[in-house]
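Notes follow the structure.
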Amino acid sequence: MAKHEFQTEVGQLLKLMTHSLYSNKEIFIRELVSNCSDAIDKLEYLKLTDDKLKNIQSTPQINIKIDDEDNSITIADNGVGMNEEDLISSIGTIAKSGTKSFIEALSGDAKKDSNLIGQFGVGFYSVFMVADSVDVVSKKAGEDQAYKWSSDGSGSFELNPCIKEDHGTVIYIKLKEEEISDFLSKSRIETIVKKYSNHIPFPIFLNYTEEVTEELSDEDKEAGKEAKTTMEKKRVQANEATALWSQPKAKLKADDYNEFYKTISHDSSDPLAYVHTKVEGVSEYTTLFYIPKVAPMDMYRVDFQPGVKLYVKRVFITDDEKELLPTYLRFVKGIIDSEDLPLNVSREILQENKVMANIKQSSIKKVLGEIKKLAKNEEKYKEFIEQYNRPLKEGVYQDYMNKDAILELVRYKSTNDTESMTSLAAYKERASTEQEAIFYIVGEDEKMLRNSPLMESYKKNNIEVLILDDKEIDEVVTPAIGAYKEWSLKDITSCEAPKTEKTEEETKEVAETFKDIVEKIKTTLGEAVSDVKTTDRLSDSPSCVVKDPNDPMAQMAAMMKSMGQEMPESAPILEINPDHAIVKSLNGCSDDSTIETISWLLLDQAKMAEGMDIKDPVAFVKRLNEVMAKAL
Ligand code: ADP
Ligand code: MG
C-alpha cells in the first residue's frame, strides 16, 4: 500500500469542499463529466497525431452508473487516462497555480465560492462535497499498468497498481449518508446532465436499475395471480451529444446558447452577450463567442487560462493557445472551429498559419462588433464597462489595426458628469466650436484629480477634462492614442493652459513684475524644479506643478514606462499664481528666510495636490509649523 499526503493547499481545499461549500453540490457532476470530456478530447487528438496511439479503436463515451444497493455513483470515460505520475500531479498536488489562487479568492460566501470551483481548475475536488470516499481507477492509453487512487478527502490518498482492462478513467463515488436521498436518483442525475452537459459532443449514458412489474394477462388476474416485480438494468442517453456551434443558428434559442456557455465557462450565470458566426466560402469556419457577465478571476494574472477553444472539423485541438484572440480580448469565452486547418496542427503552425490569421482578424471584428451593439443598451453597457474597460484600453495600445474601433468603445470619467462615463465621441460633440483637442488628467485618485489646481482654468473656461484614474494603464495607453478623429489628446499637466482674458502685453508685464521673486524661488528650490514661472492657469490656488512637454528626459521616462520600466521622474515646473494673495505678498517680501520657507511650501503643497510624493515630509511639517506659529 502506498500512502501519500496531500499537499497542504489541497488538504485545505478539501476541508473547504467537505465542510463549507454546500450551496450548489450538483456541480460535481458537471465537473467530473467535463474532465471525462477533456480526457476523450485529448485521446481523439492523440489518435490523429501520435503514431503509437493511432490504432486504438474506441467509440468515445461517458457512462454514469447509479447503484442503489451500494449507494454509489460511478462516472467512467474511455479517454486518455492517467498513469501513476499523472494521478499524483493532477489530483494530489497543486500542479497548477489554480488551487492556491482559488483559496485566496474565496469570499466566505458559499454560493459565490462554489461558482469559482471550475474556473480555478479545482473541479475534481468538488466531488468531496457529496462523497464519503472516492476511488479513481485509471489506465493511460498506450500503457499497460492501471492504478487506483483512493481517498476519503481527509489528509491523504492511497495509490496502488490495479487491474483495468481498457484505457480511460472510472471514478467511483461512495455517497455521504445525507446525500443519498438527493443524488441517488436517475431522474435527478439526468436533469443535472441535461442542464450542464447537454452539448458535450460525446454521448453520456445513464445506467441504472428499475423495478419492473410484470404485466399480467386478464386470465392470470382472474385467477388471482400476483404480478411479480423484478429489477431490470436500463441504459439511456442523457445528452444530445452534438456540438452546439455546428447547428444552424435558426434552430438554436437563447437558452441553448446560455446553457452551452455554462458548460464551457464553469460560470453559473448567463453570459452578457454572445455571437455565433458561420463563414462559408474560400475559408470555412464557425465561431461562437461569449462575453461573461463578470470578468474571469484570472484576467489580470500572467498565467490566465485562455477562454477560446480551437476545433478542427469538430475535433478538439487545444484550449491552451493564448493567441487565438489578442490578449486584450482574453475575457472572451467560446469556440473556433475551422474546416481548413490540418488536424495535426501544431502550435508553431498555428502562429504562422494564414487561415488562422484570417480567422483571428475576423473574430476580433465580430467581438468588437458585438460590443458595439452592446453599447446601444446603456444599462448593459455600464455592466460591460465596469468589467472590461481596462482590457479595452489595452487594446487601444496593442491592436493598431482596430484602434479606431476600440476607441469608440472605451469610456472615461469626466468633469462633465460625476455619475456616468463618457465616450470620446460624446465628449467631442459637447465641446465648443473653438476647441480642437481632448483634454485629460491622469492619476490614481478620482477625487484628487477632480480637485487638482490644474483644473481651475479649464473649469473657468468651461472646458471638459477626462479624469483618468486608472493610472497604471492610463499613463501608458493615453499618450499612445495620439488623436481621436483629428483631435489630439492632451495631458493638462504638460500642455499649455487654455487661453485667458489677459493679453500678451499683460502677461509680459506680470512676468516682469515677478521676475526677481521667481529667480529667488528658483535658486532656493534648486534641482527640485526644472523651472519656475508665473501662470494664469490658476484661480484659487497659489501654485501648481506641471511637466515640461519639451523635456527629453520626461519623454524618455514616459517611453520607458510604456515598456514596463521604471524611470525616476524628472523635476517638474513650478508655476505660481500672480493673482494670489500669498504670491503677491511674497513678491514684496525682503526676508530671505521667509522666502525660502514659503518657496518650499508652495512646491510641496502643489505636489501634494497632484498626489505626488514630497521629498522631505519632516521638513514640510517643520515649515508649516513655523508659518503657523508666526500667523498666531
Ligand atoms: P481541470 O479540469 O481544470 O484541469 P480538475 O480539478 O477538474 O481541473 O482536474 C485536474 C486534472 O486531473 C485534469 O487537468 C486532468 O489532468 C486530471 N483528470 C481529472 N479527471 C480526469 C479523467 N477523467 N481522465 C483523465 N484525466 C483526468
Ligand atoms: Mg476539470
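Things worth noting here:
- Looking across region 140-157, the residues that are open to solvent by 30 Å² or more (accessible area, probe 1.4 Å) and in a loop (DSSP other than H, G, I, E, B) come down to K140, G142, E143, D144, Q145, D152, S154, G155.
- Hits in region 26-63 (condition: surrounded by 15 or more Cβ atoms within 10 Å (Cβ to Cβ), under 22 Å from K194 (Cα atoms) and away from ligand 2 (no atom under 16 Å from the Cβ)): P60, Q61, N63
- Considering residues of region 64-86 that are away from ligand 2 (no atom under 16 Å from the Cβ) and assigned to a helix (DSSP H, G or I) only, the residue nearest to Y147 (Cα to Cα): E84
- All conditions but one from (1) out of contact with any strand residue (DSSP E or B) (no Cβ under 7 Å at 6 or more places or on another chain); (2) in contact (Cβ under 8 Å) with a residue 12 or more places away in the chain; (3) closer than 14 Å to I291 by Cβ apply to A425; the one that does not is (3).
Let's see how each residue does on (1) within 10 Å of ligand 1 (Cβ to nearest atom); (2) closer than 13 Å to F183 by Cβ:
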{"position": "E26", "(1), (2)": "no, yes"}
{"position": "C36", "(1), (2)": "yes, no"}
{"position": "A39", "(1), (2)": "yes, no"}
{"position": "E44", "(1), (2)": "no, no"}
{"position": "N71", "(1), (2)": "no, yes"}
{"position": "A76", "(1), (2)": "yes, no"}
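- From the list K382, K366, K376, the lone residue that is not hydrophobic (A, V, I, L, M, F, W, C) and not in a helix (DSSP H, G or I) is K376.
- For T422, the test of being open to solvent by less than 30 Å² (accessible area, probe 1.4 Å) and assigned by TED's automatic domain parsing to the domain that holds I438 is passed.
- Of all residues in region 516-552 being among the hydrophobic types (A, V, I, L, M, F, W, C) and part of a strand (DSSP E or B), the one that is nearest to E506 (Cα to Cα): V532
- Among the conditions (1) touching a Pro at 6+ places or on another chain (Cβ under 9 Å); (2) crowded, with 19+ Cβ neighbours inside 10 Å; (3) under 28 Å from N377 (Cβ atoms), the only one that R411 does not satisfy is (1).
- For region 248-258, a residue qualifies if it is open to solvent by 60 Å² or more (accessible area, probe 1.4 Å) and either assigned to a helix (DSSP H, G or I) or closer than 25 Å to N35 by Cβ (or both), and the qualifying residues are K249, A250, K251, D255.
- Taking every residue in region 410-422 that is hydrophobic (A, V, I, L, M, F, W, C) and pairing it with any residue that is assigned to a strand (DSSP E or B), at least 6 positions away or on another chain, the pairs with Cβ-Cβ distances below 6 Å are M421/Y412; M421/K413.
- Among the residues of region 228-244, the one identified as modelled with pLDDT of 95 or more and either outside any strand (DSSP E or B) or small (G, A, S) (or both) is A238.
- If you filter region 106-139 down to residues that are assigned to a helix (DSSP H, G or I) and at pLDDT 70 or above, you find that the one that is farthest from ligand 1 (Cβ to nearest atom) is M129.
- Pick from region 200-227, criterion in a loop (DSSP other than H, G, I, E, B) and either closer than 30 Å to K42 by Cα or among the small types (G, A, S) (or both), ranking: nearest to the chain's Cα centre (by Cα): I200
- Qualifying position, being away from ligand 1 (no atom under 15 Å from the Cβ) and under 31 Å from the mean Cα position of the chain (by Cα), among T59, T18, T49: T18
- Scanning region 290-307 for residues that are over 26 Å from N24 (Cβ atoms) and open to solvent by less than 40 Å² (accessible area, probe 1.4 Å) yields a count of 0.
- In region 75-88, the residues that are modelled with pLDDT of 95 or more and open to solvent by 20 Å² or more (accessible area, probe 1.4 Å) form Cβ pairs under 9 Å with partners that are assigned to a loop (DSSP other than H, G, I, E, B) and near ligand 1 (Cβ under 6 Å from one of its atoms), at six or more places apart or across chains, as follows: M82/I91.
- Residue check, K164 closer than 24 Å to D132 by Cβ, modelled with pLDDT of 95 or more and open to solvent by 60 Å² or more (accessible area, probe 1.4 Å): no
- Selected residue (only one of T287, T327 is open to solvent by less than 70 Å² (accessible area, probe 1.4 Å), in contact with a Lys or Arg (Cβ under 9 Å, 6 or more places away or on another chain) and in contact (Cβ under 8 Å) with a residue 40 or more places away in the chain): T287
- Taking the criterion of being in a helix (DSSP H, G or I) and open to solvent by 60 Å² or more (accessible area, probe 1.4 Å), the residues of region 598-621 that qualify are Q605, M608, P617, V618, V621.
- Within region 328-350, being assigned to a helix (DSSP H, G or I) and under 22 Å from K403 (Cα atoms) holds for Y328, L329.
- Residue that is least open to solvent (accessible area, probe 1.4 Å) [pool: residues in region 184-234 that are free of Cβ contacts under 8 Å to residues at least 40 places away in the same chain and of a type in the set (V, I, T)]: V212
- Given (1) at pLDDT 90 or above; (2) within 16 Å of ligand 2 (Cβ to nearest atom); (3) touching a Phe, Trp or Tyr at 6+ places or on another chain (Cβ under 9 Å); (4) in a loop (DSSP other than H, G, I, E, B), number of the condition T93 does not satisfy: (1)
- Some residue of region 259-266 being modelled with pLDDT of 90 or more, under 23 Å from I189 (Cβ atoms), assigned to a helix (DSSP H, G or I) and among the aromatic types (F, W, Y): yes
- Selection from region 523-557 of residues that are buried (at least 19 other Cβ atoms within 10 Å of the Cβ) and at pLDDT below 70: A554
- Where a residue in region 605-627 is free of Cβ contacts under 8 Å to residues at least 12 places away in the same chain and its partner, wherever it lies, is surrounded by 15 or more Cβ atoms within 10 Å (Cβ to Cβ) and β-branched (V, I, T), with Cβ under 8 Å and at least six apart: M608/I614
- Boolean, V332 is closer than 24 Å to Y261 by Cβ and either at pLDDT below 95 or assigned by TED's automatic domain parsing to the domain that holds Q305 (or both): yes
The values are calculated or read from the model by the stated rules, or taken from the named source; none is laboratory data. Quick caveat, the model's predicted, so the values are computed rather than measured. Cβ coordinates were reconstructed from backbone atoms using ideal geometry, including for glycine residues, and neighbour counts include every protein chain displayed. Please note that ligands, DNA and RNA were not included when accessible areas were found on the heavy atoms of the full protein model with its side chains. Shrake-Rupley method; radii C 1.70, N 1.55, O 1.52, S 1.80 Å.
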